[in-house]
Amino acid sequence: MSAQPRPDRQQGVIETLLVLDGEPVELDAHLTRLGASLTALFPNRIPPSGLADEIEAAATGIDRGGLRVTVAPGGDDGLDAAAETVEIDPRQVLPPVPLTIEARAVVVRGGLGGHKWADRALLNEMQPDSAADSVPLIFDWDETLLEASRANAFAAFGRTLLTPPADGRILPGIARTRALEAAAEAGFEVRETPLLREDLAGADEVFLTGSLRGVERIRALDGVERPSRGEAASLIHAALRQTWAGAGLDRVPRR
């Protein structure tokens with residue numbers, strides 16, 4: 001599948017935040033990334049005020065889930081913001097062990113870029129069934145791995161962990177940053193480097209990182225089963241859970 005249309009910037013950009021016990025997680029990091037996108041895309045518009053307070057108020061009452069914050073051009077010279085609850089099964093939010101998913105390769109020339117667009121038309125076209133356990137894995141025209149539709153991508157080779165560079169073609173994920181830190185602290189050699197689709201065949205593990213689900217292992221790509229021989233995915237998932245939630249996360253979530 002080759003997808004060329006670019007997102008409509010007038011629909012704005014979004015941030016998807018993890019919420020645990022009514023508290024937004026990594027709020028400062030998300031606001032920093034959002035601010036950078038707004039400055040780059042809408043330099044002449046006035047940013048929304050009191051956004052942190054609005055997000056914290058919207059998170060109240062969410063036991064285990066997420067918030068989607070949208071900021072888009074509004075009336076006059078300003079930017080309007082809105083926060084809404086993400087529809088996700090609480091049992092998929094930072095589960096005790098990494099989820100396993102299937103991936104389908106799609107091609108997007110130049111990638112989706114470094115902003116998290118509110119215009120989801122292209123992503124919806126990639127994944128019309130919205131299956132939770134089947135995720136589009138995005139490659140550039142030359143089969144360079146970029147990211148997944150909802151997460152960043154990693155490949156582990158023994159004690160070496162590789163991920164595509166944040167070169168303007170991918171979203172610099174919050175979970176991606178934390179995963180790189182956790183792997184380095186655990187003694188992995190960590191590198192941001194281009195990866196081709198053919199490189200993935202020799203990896204011990206291929207997995208994704210995102211703010212809501214933590215780590216997701218890719219068990220198959222385009223129907224071809226993949227091995228999972230390493231410990232990087234489990235180690236990073238555990239580190240994310242500890243960093244973001246501590247010991248209290250293992251209680252049974254309410255639906």
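The values are calculated or read from the model by the stated rules, or taken from the named source; none is laboratory data. Keep in mind the model is a prediction, meaning the values are calculated, not measured. Every residue, glycine as well, gets a Cβ built from its backbone with ideal geometry; the counts of neighbours run over all protein chains shown. Accessible surface is based on the protein model in full, side chains and every heavy atom, while ligands, DNA and RNA are left aside. Shrake-Rupley method; radii C 1.70, N 1.55, O 1.52, S 1.80 Å.
Using 0.36 nm per residue and subtracting the Cα-Cα separation, the extra length available between residue 82 and residue 107 on full extension is 5.9 nm. Backbone amide hydrogens, once placed in the peptide plane, bring residue 105 within less than 5 Å of 137, 222, excluding anything fewer than 5 places away on its chain.
Highest mean first, the peptides 33-40, 16-23 sorted by other C-beta atoms within 10 Å per residue fall in the order 16-23, 33-40. Ligands, DNA and RNA left out, the 1.4 Å accessible surface of the chain is 49% carbon and sulfur atoms.
Among beta bridges identified by DSSP and lying wholly in the chain, the antiparallel ones come to about 65 percent.
Applying 0.36 nm per residue to the separation of residue 63 and residue 21 and subtracting their alpha-carbon distance, the gain on full extension is 14.7 nm. Rolling a 1.4 angstrom probe over the protein heavy atoms with all chains in place gives the chain an accessible area of 45 Å² per residue. Placing unit charges on each Cβ (+1 for Lys and Arg, -1 for Asp and Glu) gives the chain a dipole about its Cα centre, and among 34, 164, 174 the Cα reaching farthest toward its positive end belongs to 164. The helix-only estimate of mean residue ellipticity at 222 nm for the chain, built from DSSP H runs of length n ≥ 4 each weighted as -39500 (n - 2.57), is -7000 deg cm²/dmol after division by the residue total. Under the classification rounded if a/c is under 1.5, otherwise prolate if a/b is larger than b/c and oblate if not, where does the chain fall, given a ≥ b ≥ c as square roots of the Cα gyration tensor eigenvalues? Oblate.
Rounded to the nearest 20 debye, the dipole size of the chain about its Cα centre is 320 debye, using +1 on the Cβ of Lys and Arg and -1 on the Cβ of Asp and Glu.
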